[in-house]
Amino acid sequence: MAKRRVIYNQKGGVGKTTLAVNLAACAALRGHRTLLIDSDPQGNATNYILGTKRSYSKTIADYYESCLHINLFRQSLFEYVTTKTTLPGLHLVACNRDLEELRTKLENKHKIMKLRDGLKTNTYDHIYFDPPPANDFFSLACLIAADEIIVPIDCDAFSLRAATEIKNTIEEVKEDHNPHLKTLGLVVNQYQKGTKHAAHIIGELQGLGFHILEPYIPTSVKIRESHSEATPVVQGHKDHTVSKALFTLFDHIEHISAGGPWPIPAIPANNSTHNYNSFE
């Protein structure tokens, strides 16, 4: 079965889309047939992968539009996949502002399960969801469709508040719709080494019961450059420090997903980007 992972945080500005795109790219570069589903009406993941050329003919909005009508046959999201990306093995369900216009209609017709239903004939190894930074219909649909959650955070007090709300949202989704949903852990994004404040925030998050996935992803201008290049940083700058951190993070996520024990074993030194025994 495919690993279905949602990168979720209702707080904006934490690097959610960057993480979703690059983890999906890591999966593809590791040889997995991978699908990224952009469920954010802003379409940032779509722009990150395809650039401003926007070479796609169908979007997730088209899929949801089809779900509003009576159909004799089950709708499949895989009919709306764009396969022409710059990275072989990485496919995309694109998104744009058209999705926002469908929100009220979808809510009124109780179509919250349709995203999960559209994935029942899956042929992918990995599926990643990039929902909007909000606790709304499209985010909840992704949480219901996914099996695993990864929560990106940055080290400020707002992340502590958001983490508590995220924990409550996850528990509600598990109780009402998706009892098998599993939180793999929090990813410390845009990390600035050597700050006591960051160490304090991380300690507080652990106190809430969250696992902190390592390594922490450092702040880097290469991330912004990769957005402009419309190429995941792990694809365009494989040997950069931030790319090595993302690959190591992906391997650790795979370890946890497979049921591996905590603490996570260290990656060999030539691949390591962080001291796993301290909050540097």
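Any read-out appearing in this document is the output of simple, stated calculations on the displayed coordinates, not a laboratory observation. Remember, predicted model here, so these are calculated numbers, not experimental data. Cβ atoms come from the backbone with ideal geometry, glycine included; neighbour counts cover every protein chain shown.
Distance between the 7 Å Cα→Cβ label points at Arg161 and Arg33: 4.5 nm. The helix-only estimate of mean residue ellipticity at 222 nm for the chain, built from DSSP H runs of length n ≥ 4 each weighted as -39500 (n - 2.57), is -11500 deg cm²/dmol after division by the residue total. With the cut-off at under 20 Å, measuring from each backbone N in region 82-126 to a point 7 Å along the Cα-to-Cβ line of His180 picks out 112-126.
Among Thr183, Thr46, Thr121, the residue with the largest mean-square fluctuation in a Gaussian network model of the chain, with springs joining Cα atoms closer than 10 Å, is Thr121. Rg/Rh for the chain (Cα atoms only, Rh after Kirkwood) is 0.95.
Annotation for Asp136 and His200: the two label points, set 7 Å from Cα along the Cα-Cβ direction, are 3.4 nm apart.
Extension gain for the segment His211 to Ser66, taken as residue separation times 0.36 nm less the Cα-Cα distance, is 48.3 nm to one decimal. Helix 241-257 and the longest principal axis of the C-alpha atoms of the chain enclose an angle of approximately 70°. Loop-located trypsin sites (Lys or Arg not before Pro) in region 1-74 (DSSP state other than H, G, I, E, B) with a sparse environment of at most 11 neighbouring Cβ atoms within 10 Å: Arg74.
Computed from the Cβ-Cβ distance with R0 of 22 Å, the FRET efficiency linking Lys238 to Thr52 stands at 0.40. Largest GNM mean-square fluctuation among Leu119, Leu35, Leu143, using the chain with Cα springs under 10 Å: Leu119. Quick check: from the Cα gyration tensor, does region 43-165 come out rounded (a/c under 1.5), prolate or oblate? Oblate is the answer for region 43-165, as a/c is 1.5 or above yet b/c matches or exceeds a/b. Can you pick out the pairs among Lys58/Lys105; Lys109/Lys167; Lys58/Lys114 whose Cα atoms lie more than 22 Å from each other? Long pairs (Cα-Cα over 22 Å): Lys109/Lys167.
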